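Asker: Shown below is the structure under consideration.
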Amino acid sequence: MSAITTRAAVLRVMGAARPYADSRPLRIETVTLDPPGPGEVLVTIKAAGLCHSDLSVINGDRPRPLPMALGHEAAGVVEQLGEDVTDLAVGDHVAMVFMPSCGHCNPCAEGRPALCEPGAAANGRGELLTGGKRIHIPDETGDTETLNHHLGCSAFAERAVVSRRSLVRIDPALSFAEAALFGCAVLTGVGAVVNTAGIKAGQSAVVVGLGGVGLASVLGALASGASPVVAVDLSEDKLALARTLGPVQTVNASAPDAVEQVRALTNGGGDFVFEMAGAVRALETAWKMTRRGGTTITAGLPPPDAALPVNVVSLVGEERTLKGSYIGTCVPSRDIPRYVALYRQGRLPVDRLMSGTISLDDINAGFDRLHAGEVVRLVVTF
């Protein structure tokens, strides 16, 4: 079969100057895709969310191999199946998951596919889990430039070839713009509360950082019966949005006594405090807001050289726990349908996280708005 043509947002240089609407780090280019090979699927992308994980590649905080077709939080329709893909059908609606799982390595065998070792290695190389790269740009000389995949998805594009292991079938009644959020923001934020923390009704939850993932954690805490639920951020607009989600108390992180306010609201500190801002200072603040015997959980991803100083006496003497959470300790094929069901029951109003939709051509300006903290989740629709 001949190669497949599509438009995609391609990043060639990290660290471009802002505003991105002027410097245009993402260029909309026409690329060709190899037909899906064994274990692969061609997906027509219908919606893709703008996430801070994308922004951290654009600004250079989290380096990736370049050039790269960016985007990892998306939903679409199965267009074509590669050999050996028997559990999906053309026309199925799917959400993309940015950590494919092999099903055979030690973490996968232990029921922890979010920590899949071959999946992490493939993502680091800019390849699909099935091996190699499927995105190309022919030049005028007849040579072909091969692009890197972003987290196995490269979803800021009209179409993408991905591993079957990067997809979860979803309810076709769900709008694509909403469905896209389930593959990253919801999996990570709700999963940190439900899976990583295993929070119980009546336990207190504090969320530091109210981007898409942080607000999803607030939703997860409310759905789990946590009480009280406290949201912490620098933005009064995001704090106001958090209060509309349910019985949520809020604290502005810029207040000199922010830690004391949280400790007063939670009777000495949160049972579980979730850091979702991706900054060491936010994690230090979350640690201070955690009670004796409590747990601080971080799903934020600061630059790779970031380090956290920890008072070991406090860690030991107060029996504190500091824990990482990657993609919400998820099992995507289990968790995405569960979270979608909760959304459709009105118990997990994920649609409240959406700030609006944009076109692919407006993606650079969209990342300006995300960087400025003006939006929670903008979604590119096709």
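The values are calculated or read from the model by the stated rules, or taken from the named source; none is laboratory data. Treat the numbers as computed from the prediction; the structure is a model and nothing was measured. A quick note on method: Cβ atoms are made from the backbone with ideal geometry, for glycine too, and the neighbour counts reach across all protein chains shown. Accessible surface areas use protein heavy atoms only, side chains included; no ligands, DNA or RNA. Shrake-Rupley method; radii C 1.70, N 1.55, O 1.52, S 1.80 Å.
Asker: When region 136-165 is examined, which residues are found to be assigned to a loop (DSSP other than H, G, I, E, B) and either out of contact with any Gly (no Cβ under 8 Å at 6 or more places or on another chain) or open to solvent by 10 Å² or more (accessible area, probe 1.4 Å) (or both)?
Answerer: Residues satisfying the conditions are Asp139, Glu140, Thr141, Gly142, Asp143, Leu151, Glu158.
Asker: From the list Leu219, Leu234, exactly one residue is open to solvent by less than 40 Å² (accessible area, probe 1.4 Å) and either modelled with pLDDT under 95 or within 20 Å of Met354 (Cα to Cα) (or both). Which is it? Working first, answer last.
Answerer: Numbers: Leu234 fails: open to solvent by less than 40 Å² (accessible area, probe 1.4 Å).
Leu219 is the lone residue from the list that is open to solvent by less than 40 Å² (accessible area, probe 1.4 Å) and either modelled with pLDDT under 95 or within 20 Å of Met354 (Cα to Cα) (or both).
Asker: Another question about this same structure. List pairs: first in region 278-289 and under 15 Å from Ala306 (Cα atoms), second open to solvent by 20 Å² or more (accessible area, probe 1.4 Å), Cβ under 6 Å, 6+ apart or cross-chain?
Answerer: Close Cβ pairs satisfying both conditions: Gly278/Leu301; Gly278/Pro302; Ala279/Pro302; Val280/Pro302; Val280/Ala306; Val280/Leu308; Leu283/Thr298; Leu283/Leu308.
Asker: Residues in region 173-212 that are open to solvent by less than 10 Å² (accessible area, probe 1.4 Å) and in a helix (DSSP H, G or I): how many?
Answerer: 15
Asker: Another question about this same structure. Output the residue which, of all residues in region 18-27 that are of a type outside the set (Gly, Ala, Ser) and out of contact with any helix residue (DSSP H, G or I) (no Cβ under 7 Å at 6 or more places or on another chain), is least open to solvent (accessible area, probe 1.4 Å).
Answerer: Applying the filter and picking the extreme gives Arg27.
Asker: Within the group Ala307, Ala299, which residue is out of contact with any Pro (no Cβ under 7 Å at 6 or more places or on another chain), in contact (Cβ under 8 Å) with a residue 12 or more places away in the chain and crowded, with 20+ Cβ neighbours inside 10 Å? Don't jump to the end; show me each part of the working.
Answerer: Numbers: Ala307 fails: crowded, with 20+ Cβ neighbours inside 10 Å.
Within the list Ala307, Ala299, the selection yields Ala299.
Asker: Within region 348-382, work out how many residues are charged (D, E, K, R), open to solvent by 40 Å² or more (accessible area, probe 1.4 Å) and within 23 Å of Glu275 (Cα to Cα).
Answerer: 4
Asker: Answer yes if at least one residue in region 137-149 is out of contact with any helix residue (DSSP H, G or I) (no Cβ under 7 Å at 6 or more places or on another chain), over 22 Å from Ala9 (Cα atoms) and modelled with pLDDT of 95 or more, and no otherwise.
Answerer: Checking region 137-149: not a single residue is out of contact with any helix residue (DSSP H, G or I) (no Cβ under 7 Å at 6 or more places or on another chain), over 22 Å from Ala9 (Cα atoms) and modelled with pLDDT of 95 or more.
Asker: How about region 28-56: which of its residues are open to solvent by less than 10 Å² (accessible area, probe 1.4 Å) and assigned to a strand (DSSP E or B)?
Answerer: Passing the criteria: Val31, Leu33, Glu40, Val41, Leu42, Val43, Ile45, Ala47, Ala48, Gly49.
Asker: How do the pairs read when you match residues in region 109-128 that are of a type in the set (S, T, N, Q) with residues anywhere that are part of a loop (DSSP other than H, G, I, E, B) and open to solvent by 50 Å² or more (accessible area, probe 1.4 Å), using Cβ under 9 Å and keeping only pairs 6 or more apart or on different chains?
Answerer: Asn123/Arg64
Asker: Does region 108-129 include one or more residues that are on the phi < 0 side of the Ramachandran plot, assigned to a strand (DSSP E or B) and surrounded by fewer than 18 Cβ atoms within 10 Å (Cβ to Cβ)?
Answerer: no
Asker: Show the residue pairs that are 6+ apart or on different chains and have beta-carbon atoms under 6 Å apart, the first residue being within region 235-261 and over 22 Å from Gly225 (Cα atoms), the second being open to solvent by 30 Å² or more (accessible area, probe 1.4 Å).
Answerer: Sorted first by the residue in region 235-261, then by its partner, the pairs are Ala253/Leu234; Ser254/Leu234; Val259/Lys288.
Asker: While we're here: Give the residue that is surrounded by the fewest Cβ atoms within 10 Å (Cβ to Cβ), with candidates limited to residues of region 248-278 that are acidic (Asp, Glu) and more than 19 Å from Val213 (Cα to Cα).
Answerer: The qualifying residue surrounded by the fewest Cβ atoms within 10 Å (Cβ to Cβ) is Asp257.
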